Amino acid sequence: QVQLVESGGGLVQPGGSLRLSCKASGSIFSINDMGWYRQAPGKERELVATITFGGRTNYADSGKGRFTISRDNAWNTVYLQMNSLKPEDTAVYYCYADQRGRFWGQGTQVTVSS
């Protein structure tokens, strides 16, 4: 089993930045892809960004040019740097890790509002 703990969410004004972190623990060997999804109230969970063990990244159109995903394999941590935040980025952000199955974190709330 892999446990994932997110941190870094909060309230930010439009145009601001946040950096989310997600640390994996437990049976962390052979974790392959990691990434982030988000879910806004009344909407389905949607992909934000993914990153392979080797560092190859993929972004949803909504975050291209504003979000950057990275990972530190030594610390089993994945990050999401979010810049130029918009009110429509408001959601609960969930990280995941793939290792013979997908594991999810508990989510962290991001609210973009003036």
For this session: Check 88, 44, 6 and return the single one that is charged (D, E, K, R) and either part of a strand (DSSP E or B) or in contact with a helix residue (DSSP H, G or I) (Cβ under 6 Å, 6 or more places away or on another chain) (or both).
Result: 6
For this session: Kindly check whether there is at least one residue in the stretch 64-79 that is touching a residue at least 60 places away in the same chain (Cβ under 8 Å) and either under 20 Å from residue 2 (Cβ atoms) or part of a strand (DSSP E or B) (or both).
Result: yes
For this session: Select from the stretch 48-71 the residues that are open to solvent by 50 Å² or more (accessible area, probe 1.4 Å) and of a type outside the set (Ser, Thr, Tyr) and write down the one among them that is nearest to residue 30 (Cα to Cα).
Result: 53
Exercise. Among (1) at pLDDT below 95; (2) in contact with a strand residue (DSSP E or B) (Cβ under 9 Å, 6 or more places away or on another chain); (3) more than 14 Å from residue 112 (Cβ to Cβ), which single condition is residue 41 missing?
Worked result: (3)
Problem set entry | Conditions (1) within 18 Å of residue 105 (Cα to Cα); (2) touching a helix residue (DSSP H, G or I) at 6+ places or on another chain (Cβ under 9 Å); (3) small (Gly, Ala, Ser); number of the one not met by residue 62 | (1)
Exercise. Quick one: in the stretch 53-94, which of the residues that are over 14 Å from the mean Cα position of the chain (by Cα) and among the aliphatic types (A, V, I, L, M) is nearest to residue 14 (Cα to Cα)?
Worked result: 85
Problem set entry | Members of the stretch 9-41 found to be part of a loop (DSSP other than H, G, I, E, B), aliphatic (A, V, I, L, M) and touching a Ser or Thr at 6+ places or on another chain (Cβ under 8 Å), listed by number | 40
Exercise. Looking only at the stretch 91-113, which residues are at pLDDT 95 or above, assigned to a loop (DSSP other than H, G, I, E, B) and over 12 Å from residue 21 (Cα atoms)?
Worked result: 106, 113
Problem set entry | Index of the failed condition, residue 93 passing every other in (1) among the aromatic types (Phe, Trp, Tyr); (2) open to solvent by 40 Å² or more (accessible area, probe 1.4 Å); (3) under 21 Å from residue 5 (Cα atoms) | (2)
Exercise. Any chance the stretch 13-34 includes a residue that's of a type in the set (Asp, Glu), open to solvent by less than 60 Å² (accessible area, probe 1.4 Å) and either free of Cβ contacts under 8 Å to residues at least 12 places away in the same chain or in contact with a Lys or Arg (Cβ under 6 Å, 6 or more places away or on another chain) (or both)?
Worked result: no
Seminar exercise, completed: Conditions (1) small (Gly, Ala, Ser); (2) touching a strand residue (DSSP E or B) at 6+ places or on another chain (Cβ under 7 Å); (3) modelled with pLDDT of 95 or more -> residue 25 fails only (3)
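The values are calculated or read from the model by the stated rules, or taken from the named source; none is laboratory data. The structure presented is a predicted model; accordingly, all values stated were derived computationally and were not measured. Backbone-built Cβ (ideal geometry, glycine too); neighbour counts: all protein chains shown. Note: accessible area is taken over every heavy atom of the protein model, side chains too, but ligands, DNA and RNA are not part of it. Shrake-Rupley method; radii C 1.70, N 1.55, O 1.52, S 1.80 Å.
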